[in-house]
Amino acid sequence: MLALNVVERVADMCVRLLEVLRNWLNRLLIDREVTEENIQDCCRMAWDSRRSPEMAALKRKMATLESLGTQVSIAQAFRMIRHLVGRLAHHVRAVKDLIEDATELHALVDSLQIQGVPHCAANPRPSPDGLTTLSSMLKRMLEANNPQLSRLDNALALMDRNFHVQGRVDEVYSRWGGPVKIHAEVRVLEHFHRNMLIWAFGERHVAASKPACFCCDLYFRHHPSLPMALASHHNIYLDWGVPLLEGAAQDVRFVEQRRILATMLTTIKDQAVRQIRAIAAPHIQHPDSTTGITTTLSHVSQRGLEALSGLHTGMQELTLT
């Protein structure tokens, strides 16, 4: 009965909060058509709303739902709303920070020239075929005649039954029909590399406003120009891509790009196989209680007994004041 009352209170709380949030978001963004002319107003409204009662309510209710362990999808939706409003507001903060930093770095700012990196097309996503199956992918990840193929294939089949991995792979290819994107870090790195530009102070460092994704991190680690490693949150974005080579296999950069992607795939393959092996590894059975055998003085050496006796004598001689 108590659990039922808690669920009813949570449900009622969520309904009332969702109504408040809907009205708030309508005022904030939805009632207006976002254009290049008013995008700054949207960012300013998000900035003004970051300390609003609605944002505070989002944080409180999100924490409540997470602590109860129920309504996970609603808690995630609350978290995403708060995150996206915060990212809009960050555009205002970034301008403030840039102006404040510029006032302290006259010598550096006055000598620099800011330019945009030219846009470059992305290599299109390959289409699925008859080999886009878990078993076929596993065979391509392992060496020929690998003795563990059968065991790992069975483990992968078990993962598929429990988590529908093949269905999720098929869904990715059918649902992600949008354009492939080249992330800003890769664009800047390739701009310097292809045009043989000189890095400031000789430091091959690309700064970004947030940590890099998993693929950008690998791309930098395996790039022939040896750039500095990026801070990474290791999130995976399915629309990640590399620059398109107009000449395809005849392009002078084809061999270099293929080598980068091949080394990236080696790392990805190793991590994937490691996870599959963890699933396939035999689990040692152990009892669900402790053994209950404790160490007694009969198992303590003579030297250990003498040390304990000396410690006891020393403690007795201590005088506490």
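The values are calculated or read from the model by the stated rules, or taken from the named source; none is laboratory data. Not measured: the values here are computed from a predicted model. Because the Cβ atoms are built from the backbone with ideal geometry, glycine has one as well, and the counts that use them run over all protein chains shown. Just so you know, the surface numbers come from the protein's heavy atoms only, side chains and all, with ligands and any DNA or RNA stripped out. Shrake-Rupley method; radii C 1.70, N 1.55, O 1.52, S 1.80 Å.
How about region 125-233: which chymotrypsin sites (Phe, Trp or Tyr not before Pro) there lie in a loop by DSSP and see at most 14 other Cβ atoms within 10 Å? Kindly include the intermediate steps, with their values, before the conclusion.
Numbers: sites: F163, Y173, W176, F192, W199, F201, F214, Y219, F220; in loops: W176, W199.
The qualifying sites are W176, W199.
Placing pseudo-labels 7 Å out from each Cα toward the beta carbon at A56 and Q76 gives an inter-label distance of 3.0 nm. Using only Cα coordinates, the Kirkwood hydrodynamic radius of region 198-242 works out to 11.3 Å. If the chain linking Q113 and H234 were pulled fully straight, counting 0.36 nm for each residue of separation and taking away their Cα-Cα distance, it would gain 40.4 nm.
Could you compute how fast region 44-189 diffuses translationally, taking Rh as the Kirkwood radius over C-alpha pairs and applying Stokes-Einstein at 37 °C with viscosity 0.692 mPa s? Give it in µm² per second. Spell out each step's value before the answer.
Values: Rh = 21.2 Å.
The estimated diffusion coefficient comes to 155 µm²/s.
With all pairs of different C-alpha atoms in the average, the Kirkwood value for the hydrodynamic radius of region 187-279 is 14.7 Å.
Can you list the GluC sites (Glu not before Pro) in region 159-216 that are in a DSSP coil and have 16 or fewer other beta carbons within 10 angstrom? Loop-located and lightly packed - E203. Rolling a 1.4 Å probe over the protein heavy atoms leaves K210 with an accessible area of roughly 120 Å².
For an R0 of 45 angstrom, estimate the FRET efficiency from the Cβ-Cβ distance between K139 and L197 and round to the nearest 0.05.
On the way: r = 42 Å, r/R0 = 0.94.
The value I calculate is 0.60.
Size descriptors for region 112-156: radius of gyration and Dmax over Cα atoms are 20.0, 59 Å. Modelled this way, with points 7 Å down the Cα-to-C-beta line, the labels at A249 and A278 are 3.8 nm from one another.
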